[in-house]
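The values are calculated or read from the model by the stated rules, or taken from the named source; none is laboratory data. It should be emphasised that the depicted structure is a prediction, and the values quoted were computed from it without experimental measurement. Heads up, the Cβs are rebuilt from the backbone with ideal geometry, glycines too, and the neighbour counts pull from every protein chain shown. Quick note on the areas: whole protein, heavy atoms, side chains included, nothing else; ligands and nucleic acids left out. Shrake-Rupley method; radii C 1.70, N 1.55, O 1.52, S 1.80 Å.
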Amino acid sequence: MKFDIPALKINQKFQTFIVLSIVLFGFKLFAPGSDSITYLLINDLLVGFTVAAFIFYLMDWIHLKKINPLSLVMNIGIFTAVIFLLITFSNTILRGLSTENNIYFPKTGFIPNLVVFVYSFIILGSLSYIFLAFRELYSLKQKRDINTYFNTMVVFFILASYSTLLQKSTDLLYIKDTFFIISILLIIINSIKISWIAFIVKKEKKILLFLSIIIAILFVSNLVKNSGNNNANLLVQFSPALNQFFNIIGIYGAIYFSILFFTTLFHIPTAEAFDRKAQEVTSLQYFSKLITEVLDFDDLVKTITDIASKISNADAAWIAWQENGGLKSVGNNSIGFLDADLITSFVAENKNKYNLNETVFISMDKFQKKSQLGESFSNITVSPLRAHNELKGYLLTGKKNNFLFDDEDKNALDTFSDYASIAIENSRLFEESIIKERLEKELDVAREVQRKILPSKNPNYEGLSISTVFIPAFEVGGDYYDFFEIDKYTFGFVIADVSGKGISAAFIMAEVKGIFESLSKTIKTPKNILIKANEILQRTLDRKNFVSAAYGFIDLQNETMLISRAGHCPIILLRDNSIENLRPSGIGLGLNFSDHFSNTLEEIKIDLKENDIIVLYTDGITEAKNKLLEDFGSDLFEKILIENCDKDADYISNKVIREVTLFSQNHPQHDDITLVILKWKQKLKIDGEKEWQNSTLQPKI
Amino acid sequence: MKSKNHKLEENELTVKSRTENLSAIRNFVSAGALEIGIPLKIVENIILAVDEACTNIIKHAYKYFPEGEIIVKLKFSREKFTVIIIDHGVPFEPETIPDPDLQTYYRQHRVGGLGMYLMKSLMDEVKYVSVPGKYNQVLLSKNLLTTH
Amino acid sequence: MAEFNASTKDLGEVSVIYLQGYLDAHTAPSLENTFSNLIEKGKYCTVVNFTELAYISSAGLGVFMAFIEKMRENNGDIKLSSMSDKVYNIFDLLGFPLLYEIYKTEDEAVNKFIESKNLEK
């Protein structure tokens, strides 16, 4: 089993500490005290390891908790006070416990040993905590990783502590002194720059001023007492190295808190301003990277929130993005989804209260649901994100533990949110351009398909003149017409409109063409062709798609026409200056696959007369719109046809198209326009006699 | 099944980081999702994604440490159903795991990453955030309006 | 009630594993044991019957990944059968049908083994 987890390591460290303590106690109890260097070395190494074990244990604990600087200072104060009390009353306590009046403690006996042990351990524990607290304070808000300085100092602390073992020989005393002095120098160096002060609020600075002077005094008095009091003797007896470590920490404390006092007192934001300048330079590099590189929206928002929290020294940042009429939290940086959503909705509810045209600070004190937050966010900033003067969302940052934002943060965020807006807009445009490009490619393909499907030239029959006009819509509407020269005397024609647009419509058109082409060769009546076509389309059309069509045969020999219609516009027969809309009944192809389709499909037969004009069209003509969104309409269409019925087919179709174009100028064509005009010119009989007869309509089911 | 080591609140479940609790997590999520009328087919996908996320947490965030906490929260609106899973383990970035290549896995006897791929395929949104030293959250959400 | 159970049936050359219940990270080790036992006994031709499997997660799928090569190296295979649509969809989502032979019924899968053994002879 792999129990490899921090919590468990903590336990292991604690166990190590306990075991070492017991060993140390046993050693103290049973090993005879001596001044020999070997004894002292073993003793002090044991003490050293115990301290180390305890420090490592505490280290995880402190890291887990992430305490803020003020409470760290407070804790140092408490432990210093504990030591202070311990030293002050040690005389009384120890004298009371001692059977003899000898405060130079006997080295044997369980109880006395235990007392010394406990006494030393309280000091040892307090020292460990103070040491670690210094370490935390040192690394707090450090911009660069300069742990090396601190680690060097620790090494010298150890060297200085252990070199006290050499003090028996006066020749080597200088080693101890050297290490001690270097340690003090390093302490001073490491104490000078206390950058975290810049990040706390005025009220806390006042408390800090008060605390630091008291703690500095405590440290100094501990040091003084330690050199004159029992404590020193006891500690020296317990472990000379620990005693030295006590002194070093005492000096560290005295120096650090004195400096802290004066820094707090005279703290002027010059250092902070300097840091910010450096930060701004790096931020500018980020900005340019942001605008040129990151184009994926998810990556982009993460980068933006990352930079935003850096430049405003915030604990967390996120973006409230406008989507579907609401605000959605995206790009969360160091803030949970729930917290971000809660604060986002608070901002959304109150957006009218604040002037959100620029970065504003909002205190979370006014937030009723503050207790529901997982973490104690105390202050937030909200900056608008705009593209083309349109509000797209907000960039939010938050600080915890009562840290405040200042005007520098506001300026940084104001500038940055402008950059961020541009970057977001760029990424959006990029995505749009990809989509647009893909759509255009698709439409190119669709247009190409359509172009290849429609007949490239009209068939040439004696006695029949044919005129066709096809105007594709930008998006490819799915219109289709075709002619089939079955034999010398039989001419087939079809006009169809596929539902839908674009590439899908184009593919259905291609299929429909294939179906009609093959059926035209084998089946002799329009009705049966449409029935069969419907059957075949059942396999390929999905529910949403259907095809309207009209199919006809003209028998040139017998001068008749057979027509069936499946849900298509009526077929116009223009004869003797009047219009007849031929409307054989029938459902569109692909809508019904039962017998109902064939049962309702009509086929009509018409005897053709000289100058009969047959007009096939799609709704692209009658539904062409003008800028008032009025339809071109069938009345106007019929009027034009009647007015020009004595002209030839090409003239009529040109005229119709010209009128449609004039009508719908200033309004984009949104569907294909197809017009097919067939004009029947009866062959002149030898005697030139013309038959004028009423045509007979014969519905056949 | 008896519920052990977990407290049940209205929209929140807290369990220890043990694989034996996966079934309790699944039951909790599926009950919550079915209650608001999400179709069973979609609920099945959601609980699989949640199972994968929690398995990842047990394996990678807690590294099989059995005493960690896993908190599962449900949030729903008309548009979407959201599950947020919180842990206090080691930060683990599920988003950075590449989609699996089964052939390579076959050769290497590996299976990691399949779960992440499943989560991404089954849900509309898979997001992750780590608040250093505090917690990690995985957000899984399913749009309810677009799925039929 | 146990959440998951894997029982084995010995058909001579071919073994059939019947899965029942919920196969997840918690129950996957149990299936691993079943496979390990088969390998110990030198049984490399396995049909897994999914009829009664209600649920599978990637941890469960991982078990098949872990043993397939071992089986195939020894001239055997893991063939899957009788999956519900729900379980099949998950296998499909991860591209498993490319790696595993999946059959509608247990008999089909068993017969496939027998056919290939006959061919060898």
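Can you tell me which residue within segment A:344-359, out of those that are of a type in the set (A, V, I, L, M) and surrounded by fewer than 19 Cβ atoms within 10 Å (Cβ to Cβ), is nearest to A:Lys410 (Cα to Cα)? This residue is A:Leu356. Across segment C:43-77, the number of residues qualifying as within 12 Å of chain B (Cβ to nearest Cβ) and of a type in the set (Val, Ile, Thr) comes to 3.
Within segment C:1-25, the set of residues being over 18 Å from B:Leu48 (Cβ atoms), within 11 Å of chain B (Cβ to nearest Cβ) and part of a strand (DSSP E or B) is empty.
Within segment A:361-382, can one find any residue that is within 14 Å of chain B (Cβ to nearest Cβ) and closer than 22 Å to A:Arg428 by Cα? Checking segment A:361-382: not a single residue is within 14 Å of chain B (Cβ to nearest Cβ) and closer than 22 Å to A:Arg428 by Cα. Scanning segment B:87-137 for residues that are assigned to a loop (DSSP other than H, G, I, E, B) and of a type in the set (Gly, Ala, Ser), we see that the one that is modelled with the highest pLDDT is B:Gly89.
For segment A:318-343, filtered to residues that are more than 11 Å from every other protein chain (Cβ to nearest Cβ) and under 14 Å from the mean Cα position of the chain (by Cα), the residue that is surrounded by the fewest Cβ atoms within 10 Å (Cβ to Cβ) is A:Gln322. For segment B:50-86, a tally of residues being at the interface with chain A (Cβ under 8 Å from one of its Cβ atoms), farther than 24 Å from C:Gly60 by Cα and in a loop (DSSP other than H, G, I, E, B) returns 1. Taken over segment A:195-211, the criterion of being modelled with pLDDT under 70 and in a helix (DSSP H, G or I) is satisfied by A:Ala198, A:Phe199, A:Lys202, A:Lys203.
Does at least one position in segment A:531-546 carry a residue that is buried (at least 20 other Cβ atoms within 10 Å of the Cβ), in contact with a Leu (Cβ under 9 Å, 6 or more places away or on another chain) and within 30 Å of A:Lys681 (Cα to Cα)? Looking through segment A:531-546, none of the residues is buried (at least 20 other Cβ atoms within 10 Å of the Cβ), in contact with a Leu (Cβ under 9 Å, 6 or more places away or on another chain) and within 30 Å of A:Lys681 (Cα to Cα).
Across segment B:16-63, the qualifying residues are those that are farther than 25 Å from B:Ser77 by Cα and of a type in the set (Val, Ile, Thr), and the one among them that is farthest from the chain's Cα centre (by Cα) is B:Thr19. Return yes when A:Ser427 is in a helix (DSSP H, G or I) and open to solvent by less than 20 Å² (accessible area, probe 1.4 Å) and no when it is not. Judged against the criteria, A:Ser427 is a match.
Those residues that are of a type in the set (Val, Ile, Thr) and within 11 Å of chain B (Cβ to nearest Cβ), I need them from segment C:78-121; list them, please.
In the first step, residues of segment C:78-121 are kept if they are of a type in the set (Val, Ile, Thr); the result is C:78, C:87, C:90, C:102, C:105, C:110, C:114.
Scanning segment C:78-121 gives C:Val87, C:Ile90.
Within segment A:307-317, track down each residue that is open to solvent by less than 10 Å² (accessible area, probe 1.4 Å) and either within 14 Å of the chain's Cα centre (by Cα) or of a type in the set (Asp, Glu) (or both). Scanning segment A:307-317 gives a single hit, A:Ala317.
Looking across segment A:383-393 at every residue that is touching a residue at least 60 places away in the same chain (Cβ under 8 Å) and open to solvent by 10 Å² or more (accessible area, probe 1.4 Å), the one that is farthest from the other protein chains (Cβ to nearest Cβ) is identified as A:Leu391.
In the set A:Lys392, A:Lys400, A:Lys353, only one residue is touching an Asp or Glu at 6+ places or on another chain (Cβ under 6 Å) and of a type in the set (D, E, K, R); that residue is A:Lys400.
Before we move on, is A:Asp648 closer than 20 Å to A:Phe493 by Cα, in contact with a strand residue (DSSP E or B) (Cβ under 9 Å, 6 or more places away or on another chain) and open to solvent by 20 Å² or more (accessible area, probe 1.4 Å)?
Values: closer than 20 Å to A:Phe493 by Cα: yes; in contact with a strand residue (DSSP E or B) (Cβ under 9 Å, 6 or more places away or on another chain): yes; open to solvent by 20 Å² or more (accessible area, probe 1.4 Å): yes.
Yes: the conditions hold for A:Asp648.
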